[in-house]
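K.L.:
Have a look at this one before I ask anything.
The values are calculated or read from the model by the stated rules, or taken from the named source; none is laboratory data. What you see is a predicted model, and the numbers here were worked out from it, not measured in a lab. Here the Cβ positions follow ideal geometry from the backbone for every residue, glycine too, while neighbour counts run over all protein chains shown. The area values use the complete protein model at the heavy-atom level, side chains included, leaving out ligands, DNA and RNA. Shrake-Rupley method; radii C 1.70, N 1.55, O 1.52, S 1.80 Å.
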2 protein chains.
Amino acid sequence: MAVQKPTQPAPGKPAPDSTRRSEKSRRAIYDAALALVVEVGYPKTTIEGIAARAGVGKQTIYRWWSSKADVLMEAFLDLALREAGPAPYTFPDTGDLAADVKGVLRATVDQMNDPRFDVPSRALAAEGVVNEQLGRELVAKLMQPSLDLYIDRLRAAQDAGQVRPEIDPRIALELFISPLAQRWLQHTGPISHEYTDALVDYALHGLAPR
Amino acid sequence: MAVQKPTQPAPGKPAPDSTRRSEKSRRAIYDAALALVVEVGYPKTTIEGIAARAGVGKQTIYRWWSSKADVLMEAFLDLALREAGPAPYTFPDTGDLAADVKGVLRATVDQMNDPRFDVPSRALAAEGVVNEQLGRELVAKLMQPSLDLYIDRLRAAQDAGQVRPEIDPRIALELFISPLAQRWLQHTGPISHEYTDALVDYALHGLAPR
């Protein structure tokens, strides 16, 4: 799974010490960016504010990232990778599509219920609603890697005869993930493992009688 | 369909002239509220700003509404009712569930592609993402009436044997509307009649082979 990796500092001749310093600055910048977006929201988060809180110069941030949106998206991606490990970026294939999708969605529910993920990702998503360019970057950088995994898993299910061949996997995956995303983002209903299990059953077997 | 009606001014003894004046003020307030939320966003829209732009006193607004959220939600609901007529608040029942849901979703796509609806509802939705109380009010006042119509239509389909009896209509409706809502709100993909037609077919007949 090609997950976007944080930009590395320009190589130069990094002695071990300067590498450690760089890594420490990067961590401080990520932490500052996530804390600020939670506290003051996306519009009031600035590169200057992130630099001041991280204890680094503004130029350090501009050397590695081109905008506050870039810093925030990479900080959030780094958080997701550190806290959840590689799990969200692999998709199980036990041969049982329903069980595999239910497992991934249950993990997503647990993540949505964790304030460390909920608060910054909600702040970014809210800005993405009204700021189309940022919204499209969020999709491309944060969501697409996960969507690709669903597509791959659904294609494997098609090859195994468990999903109809004429189904478009890019649309089909939305039957699983969009209802959960809408309940979470728009507060339209409670989210739980029982709920996502029902979504998977409804989507795979359809609402109409067989 | 019990659509929330705008609060009426306290009765008193309204002569025709004062009724006309009240109606004119109400319209000016709605227009000002929608224009402001589009121009400056929800957080910077204030009762003072709405009053100034509408050419009315702040007290006129406070006499009819308790908060800017109330004004905005009623202004948006009024816009939806005026522009779209009663259509979005009835749900066809021709006996053909797929055709009926496709027709409603196509009309929703057309509305989402209309800037008069898109811009203010997007501004309100973005605020609802990070402001849980407002988000829940938006669901209760703006979305629930439509959701109830889907529930009624799905129950009628269950009675007619076209939807499995064990399906929960409140969850089932999300297979139709949440993918569309997420594409629209989060810019995750293009929206079109062909897309919503596919959603209806996938949801009714399931992804798995029959």
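K.L.:
How far apart, in nm, are the 7 Å Cα→Cβ label points at B:Ala160 and B:Thr46?
P.N.:
5.4 nm
K.L.:
Additional query: Got a sec to turn the phi values of the stretch A:158-168 into Karplus ³J(HN,Hα) couplings, 6.51 cos²θ - 1.76 cosθ + 1.60 with θ = phi - 60°, whole Hz, x for Gly and Pro?
P.N.:
Once rounded to whole Hz, the list reads 5, 4, 8, x, 9, 10, 4, x, 7, 6, 8.
K.L.:
Can you order the peptides A:175-187, B:115-127 by their average number of other Cβ atoms within 10 Å per residue, highest first?
P.N.:
The most tightly packed comes first, giving A:175-187, B:115-127.
K.L.:
Per-residue mean of other chain beta-carbon atoms within 10 angstrom of the beta-carbon, peptide B:180-192?
P.N.:
6
K.L.:
Take B:Asp197 and B:Arg106, extend 7 Å from each Cα along the Cα→Cβ direction, and tell me the distance between the two endpoints in nm.
P.N.:
Reported label-point gap for B:Asp197 and B:Arg106 is 0.8 nm.
K.L.:
Leaving out ligands, DNA and RNA, and with a 1.4 Å probe, what % of the accessible surface on the stretch B:17-66 is carbon or sulfur?
P.N.:
Looking at the stretch B:17-66 in its full context, I get 52 percent from C and S.
K.L.:
Kindly provide the Kirkwood hydrodynamic radius of the stretch B:17-66 in Å, to one decimal, from all pairs of distinct alpha carbon atoms.
P.N.:
10.9 Å
K.L.:
Next up: Kindly express, to the nearest 10 degrees and within the range 0 to 90, the angle between helix A:16-40's C-alpha long axis and the longest C-alpha principal axis of chain A.
P.N.:
Tilt relative to chain A: about 70 degrees.
K.L.:
Another question about this same structure. Per residue, how large is the accessible surface of chain A? Use a 1.4 angstrom probe and give square angstrom.
P.N.:
For chain A, the solvent-accessible area averages 46 Å² per residue.
K.L.:
Leaving out ligands, DNA and RNA, calculate the buried accessible area for the pair B and A with a 1.4 Å probe, summed over both sides, in Å² to the nearest 100.
P.N.:
Looking at B and A, the buried total is near 4500 Å².
K.L.:
For B:Asp197, which inter-copy label distances result when the label point lies 7 Å beyond Cα on the Cα-to-Cβ vector, reported in nm to one decimal and in ascending order?
P.N.:
For B:Asp197, the inter-copy label distances come out at 3.7 nm.
K.L.:
Then there's this: To test your reading of the geometry: what angle, between 0 and 90 degrees and rounded to tens, separates the Cα axis of helix B:193-205 from the longest principal axis of chain B?
P.N.:
50 degrees
K.L.:
Quick one: Karplus J couplings for the stretch B:145-153, per residue in order, coefficients 6.51, -1.76, 1.60, θ = phi - 60°, nearest Hz, x for Gly and Pro?
P.N.:
Each residue's phi maps through the Karplus curve to give x, 5, 4, 4, 5, 4, 4, 4, 5 Hz.
K.L.:
Take every Cα pair under 8 Å in chain A that's 6+ residues apart, average their separations, divide by the length, and report that relative contact order as a whole percent.
P.N.:
Averaging sequence separation for qualifying contacts and normalising by length gives 21 percent for chain A.
K.L.:
So how long is each side of the protein assembly as shown along the principal axes, counting just the alpha-carbon atoms, biggest first, in Å?
P.N.:
Principal-axis extents of the protein assembly as shown (Cα, largest first): 85, 58, 30 Å.
K.L.:
Between copies, how far does the label point of B:Arg63 sit from its twins, in nm, shortest first, when each point is 7 Å from Cα along Cα→Cβ?
P.N.:
Computed spacing set for this position: 6.4 nm.
K.L.:
Give the chain A residue with the shortest beta-carbon distance to the rotation axis relating chain A to chain B, plus that distance as a whole number of Å.
P.N.:
Result for the axis mapping A onto B: A:Gly206, 1.
K.L.:
Could you tell me what fraction of 2.2 N^0.38 Å the Cα radius of gyration of the stretch B:126-210 comes to, as a two-decimal ratio?
P.N.:
Working it through for the stretch B:126-210, the quotient is 1.24.
K.L.:
Still on this structure, please answer the following. Using r as the Cβ-Cβ distance of A:Arg170 and A:Gln133, and R0 as 30 Å, what FRET efficiency do you calculate, to the nearest 0.05?
P.N.:
For A:Arg170 and A:Gln133, the calculated efficiency is 0.85.
K.L.:
Further question on the same structure: Using a label point 7 angstrom from Cα along Cα-to-C-beta, what distances in nm, from shortest up, separate A:Asp114 from the other copies?
P.N.:
4.3
K.L.:
Got a number for carbon plus sulfur as a percent of the stretch B:86-205's accessible area, 1.4 Å probe?
P.N.:
55 percent
K.L.:
Can you tell me the orientation of helix B:68-84 relative to chain B, as the angle in degrees between its alpha-carbon axis and the longest Cα principal axis, to the nearest 10?
P.N.:
Rounded to the nearest ten degrees, it is 60.
K.L.:
OK, next. Of the lysine pairs in chain A, how many meet both conditions: Cα atoms under 23 Å apart, and a spacing of 8 or more in sequence or different chains?
P.N.:
For chain A, qualifying lysine pairs total 14.
K.L.:
So what are the three principal axis dimensions of chain B from its Cα atoms, in whole Å, longest to shortest?
P.N.:
The Cα atoms of chain B stretch 64, 37, 26 Å along their principal axes.
K.L.:
How well do other chains shield peptide A:168-178, expressed as the mean number of their Cβ atoms within 10 Å of each residue Cβ?
P.N.:
Whole-number average of other-chain Cβ neighbours for A:168-178 is 6.
K.L.:
May I pose another question? Can you give me the long-range amide H partners of B:Leu207? Hydrogens built in the peptide plane at 1.01 Å from N, cutoff under 5 Å, separation of 5 or more residues or another chain.
P.N.:
Correct list: A:Leu204, A:His205, A:Gly206.
K.L.:
Rounded to the nearest 0.05, what FRET efficiency do A:Val38 and B:Gln144 give with R0 = 22 Å and r taken as the Cβ-Cβ distance? Could you check?
P.N.:
The calculated FRET efficiency here is 0.15.
K.L.:
Residues of A:122-129, mean number of Cβ from any other protein chain within 10 Å of their own Cβ, rounded to a whole number?
P.N.:
Per-residue shielding by partner chains comes out at 5.
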